[in-house]
1. Using only the Cα atoms of the stretch 342-420, construct the convex hull and provide its projected area averaged over every direction, in square nanometres to one decimal.
2. So, R0 is 41 Å and r is the distance between the beta-carbons of Arg25 and Ala198; what FRET efficiency does that work out to, to 0.05?
3. Between Asn365 and Tyr54, what FRET efficiency comes out of the Förster formula 1/(1 + (r/R0)^6) with R0 = 25 Å and r the beta carbon distance, rounded to 0.05?
4. Multiplying the sequence separation of Tyr296 and Val325 by 0.36 nm and subtracting their Cα-Cα distance, what value in nm do you get?
5. Nearest 20 debye, what's the magnitude of the dipole of the stretch 187-338 about its Cα centre given +1 on Lys and Arg Cβ and -1 on Asp and Glu Cβ?
6. Rank these for me by crowding, Met360, Met305, going from fewest to most other beta carbons within 10 Å.
7. What ranking of Trp364, Trp408, Trp38 emerges when the number of other C-beta atoms within 10 Å of each C-beta is taken as an exposure proxy, fewest first?
8. In nm, to one decimal, how far is the modelled label at Lys413 from the one at Thr314, with both set 7 Å along Cα→Cβ?
Amino acid sequence: MTMRIANFTDAEAEALIGASRGQLRKVTKENRPHVRRWLNAQGFPAAFTAGLSYIELQLAYNDKSGSEQDKLRRKLGEAGEEEQPGLPQIIAGEASPPAIAAPAIGAGNGHDLSPEAKAIAAALEILASKGKGSVDAEEVRAIVAEEVKKIDLPARDLKITIGDRPAVELKERTHPVFDRVLKLALQRGINIMLVGPAGCGKSHLCEQLSRALEAEYGAIHGTAGASESALTGHLLPGDGGKFEYVASEFVRLYEKGKSVFCFDEYDCFDPNMIMVVQGATSNGGIHIAHRREKPYTPRGENVVMIATANTYGTGANPLYVSRNVQDAAAMDRWTMVPMDYDTAFEKDLGTAGGLTEAQMADLWNLRNKVRENQLRRVISTRAFQKAVAMIAAGDSWKTVMATLVEGWTRDEKSKCGITG
């Protein structure tokens with residue numbers, strides 16, 4: 001298994017987990033992903049931490065002496081380099097030695113310097129070669145900008161081998177949970193639901209999954225007023241006025257096989273549509289009453305059904321007010337995979353765009369304050385993209401921050417430590 005370079009600080013972990021190291025009373029379903037991510041940043045592969053018990057995670061996080069982590073390292077060493085049958089082989093980066101049979105799960109976005117960080121490092125080398133005092137601020141910006149322009153690859157290349165099929169190369173940046181989602185997608189009968197805050201990359205991950213599997217991709221977006229015909233297909237008038245069945249994109253991909261279909265914003269779907277999805281996800285096929293020639297549609301081979309949601313089917317909350325309550329039967333069909341913002345990606349995005357460490361800390365702190373005070377506001381990865389764009393346009397950091405909280409109440413700003 002491949003070890004990682006830390007890219008998730010104690011401060012970031014404590015802010016997300018809600019407890020300082022040594023003071024975490026209990027690992028729960030909600031904070032477990034953050035504790036695991038913190039442990040990944042200490043050098044433990046994600047595939048290893050995924051199998052740790054709640055108490056092992058709690059002890060490792062609370063122990064500041066390092067003894068608990070030493071125990072886990074011994075446990076990891078005993079696990080060795082055993083191959084995991086039935087899982088895809090994922091090799092991060094072209095430099096990975098071909099002799100490694102076990103999947104290098106957890107190489108993640110911090111496994112090596114990202115292209116953005118390499119560009120900044122190259123720029124610094126150029127500056128250092130010029131000698132002290134020989135460049136001005138404008139020249140610094142020009143050199144850094146020129147190096148960033150040379151970036152033509154994402155943070156890592158993935159080479160994915162499934163069984164005897166030819167390897168698939170995915171030259172894209174991927175979210176830390178991508179490896180787990182890919183492994184789940186290869187298990188027959190598993191339907192995956194990505195649950196996380198707005199703008200954390202759920203829909204994008206679904207598209208990446210289809211490319212990794214070389215499968216055709218389709219999606220439908222949840223609305224409260226859509227008809228189930230959007231899933232099952234329509235009867236439309238043809239030549240001579242005779243009504244003919246026209247299959248939906250979902251039915252086509254469901255029958256065809258080797259496809260990935262995304263139910264986007266699943267917790268907004270109309271109940272009638274949910275009933276169609278329930279049958280399709282668990283019964284091995286769906287019934288289409290208005291298709292007389294073939295009223296039953298079996299699920300094709302290698303059909304991956306994946307959904308995205310902001311809630312766990314619990315209905316509207318102060319932040320996501322348009323979400324619908326889902327019944328237990330509807331949610332039982334899905335394997336829940338929690339997602340959060342990829343701070344490593346945000347850091348590289350901000351660095352490449354010229355944001356300072358302090359400015360990025362301002363954005364993360366604003367997000368943490370929003371969460372702590374349960375405000376109906378979102379500070380997503382898009383906030384970093386907006387900040388980079390505004391800085392490039394010549395705005396001051398004060399203007400950037402003021403724009404990001406435009407329309408907030410005085411009380412909301414006060415709770416986030418924003419004055420003026």
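Since every read-out is calculated from the coordinates, none of them should be taken as a lab result. Remember, it's a predicted structure, so these values are computed and weren't measured experimentally. Neighbour counts are summed over all protein chains in view; Cβ atoms, including those assigned to glycine, are modelled from backbone coordinates with ideal geometry.
1. Quarter of the Cα hull surface area: 4.9 nm².
2. According to the calculation, E is roughly 0.90.
3. Efficiency at R0 = 25 Å is approximately 0.30.
4. 7.5 nm
5. So the magnitude is around 260 debye.
6. Met360, Met305
7. Fewest-to-most Cβ neighbours within 10 Å comes out as Trp408, Trp364, Trp38.
8. About 3.1 nm, to one decimal.
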